[in-house]
Amino acid sequence: MCLAVCLTATGCAGQYVWAPDEKVEAVRYVSPEPPSLTLLTMVNNETGAGGHSGLMINASERVIFDPAGTLTHPTFVERNDVLYGVTPSFLDFYTRAHARKTHHVVIQKIEVSPQIAEQAFALARERGPVAPALCANSTSGLLSQLPGFGTISTTFSPIKLMEQFRGLPNVDEQALFEYDDPDKTNALRAYVAGRTAQAN
């Protein structure tokens, strides 16, 4: 999966990654939308099994907590599984890269107070790099510490976490299906090429 230009879809799961302050500040994105938490669950189209859990946090800036995530590239600004600079184009890329022939993405969004959003952001930054297969465990563990999320119990299953999140009040849910190449590397290549074209 590793290309000659180091464009990869293999992860730095469990590895220490720490982007410098200037890069984090340079990509900082503040969304005009209300504070919210969005659970992103990748579901196998054939078996219905959960493939991955991630959490988008719209706080004082918008980030994605992507524990043990497998979608990486040197242009991404990451600190230990927290992806910074989640602009609308990055979010579109992230979800569409995971929605492919083999998987779809369930997107569950709930609006929260600014205080809860900031607490989630702080907890994500404190988690450190997450080891493989612990995405749902670390995401559910984070959520269970937040006020109003007491019904979320720690689980290793992305599907069980998705079902628990569905039971929260006022959750907006949608599913993204796409049927392009199952290799995420191709989506990543297209995204990086688009960014390069915009910069020129």
Exercise for review: Would you check which residues across segment 63-80 are surrounded by 21 or more Cβ atoms within 10 Å (Cβ to Cβ) and not in a loop (DSSP other than H, G, I, E, B) and list them?
Suggested key: 63, 64, 65, 72, 78
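Got a number for residues in segment 98-113 being among the polar types (S, T, N, Q) and in contact with a Ser or Thr (Cβ under 8 Å, 6 or more places away or on another chain)? Please lay out each step first, then the result.
Taking segment 98-113 and keeping what is among the polar types (S, T, N, Q), we get 102, 108, 113.
Remaining after also requiring in contact with a Ser or Thr (Cβ under 8 Å, 6 or more places away or on another chain): 108.
Total meeting the criteria: 1.
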Review point. Here are some residues: 60, 89. Which one is on the phi < 0 side of the Ramachandran plot, modelled with pLDDT under 95 and surrounded by fewer than 19 Cβ atoms within 10 Å (Cβ to Cβ)?
Key: 89
Study note, to complete from the structure: Selection from segment 1-27 of residues at pLDDT 95 or above and assigned to a loop (DSSP other than H, G, I, E, B) yields 19, 20
Revision key, fill the gap. Output for Cβ contacts, cut-off 9 Å, separation at least six or different chains, first residue under 16 Å from residue 133 (Cβ atoms) and touching a residue at least 40 places away in the same chain (Cβ under 8 Å) in segment 31-52, second crowded, with 23+ Cβ neighbours inside 10 Å and aromatic (Phe, Trp, Tyr), reads 41/165
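Which members of segment 151-166 meet the condition of being part of a loop (DSSP other than H, G, I, E, B) and either farther than 24 Å from residue 81 by Cα or of a type in the set (A, V, I, L, M) (or both)?
Taking segment 151-166 first, the residues part of a loop (DSSP other than H, G, I, E, B) are 151-157.
Matches in segment 151-166: 151, 152.
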Point to revise | For residue 140: the one exception among (1) modelled with pLDDT under 95; (2) within 19 Å of residue 65 (Cα to Cα); (3) surrounded by 15 or more Cβ atoms within 10 Å (Cβ to Cβ) | key: (1)
Practice item. Go through segment 28-46 and give me each residue that's modelled with pLDDT of 95 or more and either surrounded by fewer than 19 Cβ atoms within 10 Å (Cβ to Cβ) or acidic (Asp, Glu) (or both). Key: 28, 29, 30, 31, 32, 33, 34
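Listed here are the residues, each with its yes/no results for (1) in a loop (DSSP other than H, G, I, E, B); (2) modelled with pLDDT of 95 or more; (3) within 14 Å of the chain's Cα centre (by Cα).
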{"site": "94", "(1), (2), (3)": "no, no, yes"}
{"site": "108", "(1), (2), (3)": "no, yes, yes"}
{"site": "121", "(1), (2), (3)": "no, yes, yes"}
{"site": "133", "(1), (2), (3)": "yes, no, no"}
{"site": "147", "(1), (2), (3)": "yes, yes, no"}
{"site": "168", "(1), (2), (3)": "yes, yes, no"}
{"site": "174", "(1), (2), (3)": "no, yes, no"}
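Among the residues of segment 83-107, write down those that are among the aliphatic types (A, V, I, L, M) and without any contact (Cβ under 8 Å) to a residue 60 or more places away in the chain. Don't jump to the end; show me each part of the working.
Step one: of segment 83-107, the residues among the aliphatic types (A, V, I, L, M) are 83, 86, 91, 97, 99, 105-107.
Across segment 83-107, the qualifying residues are 83, 86, 91.
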Practice item. Scan (1) over 11 Å from the mean Cα position of the chain (by Cα); (2) in a loop (DSSP other than H, G, I, E, B); (3) closer than 20 Å to residue 25 by Cα for the single condition residue 101 breaks and write down its number. Key: (3)
**Study point:** Residue check for residue 99: crowded, with 20+ Cβ neighbours inside 10 Å, over 15 Å from residue 69 (Cα atoms) and either in contact with a strand residue (DSSP E or B) (Cβ under 6 Å, 6 or more places away or on another chain) or not aromatic (Phe, Trp, Tyr) (or both)
**Key:** no
Revision key, fill the gap. Log entry, pairs with first residue in segment 108-136 being over 13 Å from residue 58 (Cβ atoms), second being among the acidic types (Asp, Glu), beta carbons closer than 7 Å, six or more apart or on different chains, reads 108/173; 127/81; 129/81; 130/81
Check your understanding: Hey, does segment 131-144 have a residue that's farther than 26 Å from residue 178 by Cα and β-branched (Val, Ile, Thr)?
Key -> no
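The values are calculated or read from the model by the stated rules, or taken from the named source; none is laboratory data. The structure displayed is predicted, hence computed values, not measured ones. FYI the Cβ positions are ideal-geometry reconstructions off the backbone, even for glycines, and counts take in every protein chain you see.
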